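Okay, so here's the structure we're looking at.
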Amino acid sequence: MTRGNQRETDRARAQARASKHKKVSKEENKARAKLTVASADIMRQKQVAAAKKKEEEKRKKDAAEERKLYGKFIRRSLDRFYKMNAPEKLENLPKIMEKFKGKWDKLQKGLEKTYGDMAPNLSKEEFKKVKGKMAA
């Protein structure tokens, strides 16, 4: 290798090192900072959306559990009521539960119309009073 070639090779290596460790201009730094902030904002938005989704799923699950417990409460109340007041209707309890599923207010009104003050209280307020005992 000649002396001239050596200089060119050294110069090329030095340029490669310099471009690798090149100082960044202020404009480039500002652009990188904006990009970093924008990326962080996007991630925060995704996290908030994920948290909302998780909260909504939990709320739906809790509501489903509440409906299930309320159905159990009504079944137990009707079972106790019919055992004392109309034992012959106990065998129809599953049919009654199916017929009035989700229409508990209509069932309550019908029981009050038939049995008057003796009818069981199937209201949500009554359910909330005994709910803790049922879940255990």
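Taking the Cα atoms of segment 52-136 alone, what are Rg (to one decimal) and Dmax (as a whole number) in Å?
In Å, with Rg to one decimal and Dmax whole: 14.6, 50.
Can you give the extra length, in nm with one decimal, that the chain gains between D117 and E66 once fully stretched, where that is 0.36 nm per residue apart less the Cα-Cα distance?
Going from the current span to full extension adds 15.7 nm.
In deg cm²/dmol and to the nearest 500, what is the mean residue ellipticity at 222 nm of the chain if only DSSP H runs of at least 4 residues count, each as -39500 (n - 2.57), divided by the residue total?
Helices in the chain give a 222 nm mean residue ellipticity of -28000 deg cm²/dmol.
May I ask you to list the aspartates and glutamates whose Cα is less than 17 Å away from that of K106, ignoring any residue fewer than eight positions away on the same chain?
Result set, ordered by chain and number: E98, D117, E125, E126.
Quick check: at a probe of 1.4 Å, how many percent of the accessible area of the chain sits on carbon and sulfur atoms?
Looking at the chain in its full context, I get 53 percent from C and S.
Around K23, what is the net charge, scoring Lys/Arg as +1 and Asp/Glu as -1 over all other residues with Cβ under 14 Å from its Cβ?
Values: positive: R17, K20, K22, K26, R32; negative: E27, E28.
Net of charged neighbours comes to +3.
Compare A38, A119, A14 in a GNM of the chain, Cα atoms joined below 10 Å, and give the one with the largest fluctuation.
Looking only at A38, A119, A14, the largest GNM fluctuation is found for A14.
Can you name the helices of the chain, as whole DSSP H runs, whose Cα span along the helix axis is 24 Å or more and whose Kyte-Doolittle mean is not below -0.5?
Qualifying helices: none.
Can you tell which of Y70, M97, Q108 lies farthest toward the positive end of the dipole of the chain, using +1 and -1 charges on the Cβ of basic and acidic side chains (Lys, Arg; Asp, Glu)?
Y70
For the chain, with a Gaussian network of springs between Cα atoms less than 10 Å apart, report the residue from E57, E27, E126 with the top mean-square fluctuation.
It is E27.
When the C-alpha atoms of segment 1-101 are aligned to their principal axes, what extent does each axis show, in angstrom, from largest down?
Each principal axis gives a Cα extent; for segment 1-101 these are 115, 33, 18 Å.
State in Å² the accessible area per residue of the chain; use a 1.4 Å probe, count heavy atoms of protein chains only, and round to the nearest integer.
On a per-residue basis, the chain sits at 85 Å².
So, in nm, how far is label E57 from label R32 when the simple model puts each one 7 Å beyond its Cα toward the Cβ?
With each label placed 7 Å out from Cα toward Cβ, I get 3.8 nm.
Which of the lysines could a cross-linker span from K103 if the Cα-Cα distance has to be under 22 Å and same-chain partners fewer than 8 positions apart are dropped?
The reachable lysines, counting only those whose Cα sits under 22 Å from K103, are K60, K61, K68, K72, K89, K95, K113, K124, K128, K129, K131.
So what is the diffusion coefficient of segment 37-88 in µm² per second by Stokes-Einstein at 25 °C and 0.890 mPa s, using a Kirkwood Rh over Cα pairs?
170 µm²/s
The values are calculated or read from the model by the stated rules, or taken from the named source; none is laboratory data. Because the structure is a prediction, the values reported are computed rather than measured. So basically every Cβ, Gly included, is an ideal-geometry build from the backbone, and we count neighbours across all protein chains shown. To get the accessible areas, we keep the full protein, side chains included, count just its heavy atoms, and leave off ligands, DNA and RNA. Shrake-Rupley method; radii C 1.70, N 1.55, O 1.52, S 1.80 Å.
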